[in-house]
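> Here it is, the structure in full.
What follows is calculated from the coordinates using simple rules that are stated; it is not laboratory data. None of these values were measured; they are calculated from a predicted model. Cβ: placed from backbone, ideal geometry, glycine included. Neighbour counts: every protein chain shown.
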Amino acid sequence: MGKTIEAIALQRGNNIVGRIDAGDNLDSFTGEVDVAIEFTQPEAVVKNLKTCFDKGIPVVCGTTGWGHHQAEVESYCKNKNGALLASSNFSLGVNIFFKLNEYLARIMQNYPQYEVSIDETHHTQKKDAPSGTAISLANGILKNSTRKTEWKLGKTDNSNQLAINAFRVDPAPGTHVVKYQSAIDDIEITHTAHSREGFALGAVLVAEWLAGKKGVFTMDDFLKL
C-alpha cells in the first residue's frame, strides 16, 4: 500500500521527504513535512499518530483495528492543535457505498422478516478481521436500526447481533456485501475493489486537502457528503 501511495503522490507532483518502515525510528525523524500518510499496523498506529502530533505534522491514517483508542487519539490531537483524518477506507466508491448502506438500513428497519449480515473478502496478507470497512458498514447499520445492538465476527444465534463473515482469498483486494435475507427473497448491495489504486489515490487526495488544516476530520468533511 505504501508503494502504491508513493507512486501516486509522485505522479501528482508531490515530494516524498521521508519513508518510515518497520524497524525505523519515527521519533528521530526530522525535516519539513506538510502531511504524513500512515498505513501501518494496529500495534504501531497510536504511537505513530501521537509522535506526528508532537512534531506538528497533520496525519492521514488508513490503519484499521485501533478503534478502541480513537477517542484517546482524537483528544490528543486536539490538545496538540494537530490535524487528523482517519478512515477505514479512502475510496470514493466505498464512501458512497457507506451512505447507501445507511439509507438501506433505515428502510429495512421496518421489515423485520429480512435478516441482515455482512460478508467481506480480502487477500490473505490482510492481518485484521473483520476489515475496518466491514466494521464501518456494521456501525452504519447499528446507527440506523434498532434491530441490532452490536456486531460479531462469524455466525451468531443472537438476534441482537449483526454477523460479519470474513474470508481471506488471494488475490482479492476487497469485496464487501451487505445482505438482507428472507424466506421469499434476498436484497444485496456490493462494493468490489479491482485494485488498491482507488484506496491509495483517495489517501493522497485527502493528504493534499488536509495540509495546513487543524482539527479532527472525517471523509464526510473531505467529500462534502
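> Multiplying the sequence separation of residue 54 and residue 224 by 0.36 nm and subtracting their Cα-Cα distance, what value in nm do you get?
That pair, residue 54 and residue 224, stretches by 58.3 nm at full extension.
> While we're looking at this one, here's another question. Would you mind checking which residues have amide H under 5 Å from residue 163's amide H? H placed 1.01 Å from N; only 5 or more apart, or other chain.
So residue 163 has HN proximity to 118, 152.
> Oh, and also: Please name which of 166, 149, 122 has its Cα lying farthest along the dipole of the range 92-192 towards the positive end, using unit charges on Cβ (Lys, Arg +1; Asp, Glu -1) and the Cα centre as origin.
Result: 149, furthest along the dipole toward the positive end.
> Then there is this: List the pairs from 143/224; 3/126; 78/127; 55/99; 3/143 whose alpha-carbon separation is above 25 Å, in the order I gave them.
78/127; 55/99; 3/143
> Sticking with this structure for a sec: Between the DSSP loop rule and a limit of at most 14 other Cβ atoms within 10 Å, which chymotrypsin sites (Phe, Trp or Tyr not before Pro) in the range 131-225 are left?
Listed in order of number, the matching sites amount to none.
> From the phi angles alone, apply the Karplus equation (6.51, -1.76, 1.60; θ = phi - 60°) to the range 172-185 and give each ³J(HN,Hα) in whole Hz, x where the residue is Gly or Pro.
Each residue's phi maps through the Karplus curve to give 4, x, x, 10, 10, 10, 9, 10, 10, 10, 10, 5, 8, 7 Hz.
> Between 0 and 90 degrees, rounded to the nearest ten: what's the tilt of helix 132-143 against the longest Cα principal axis of the chain?
50
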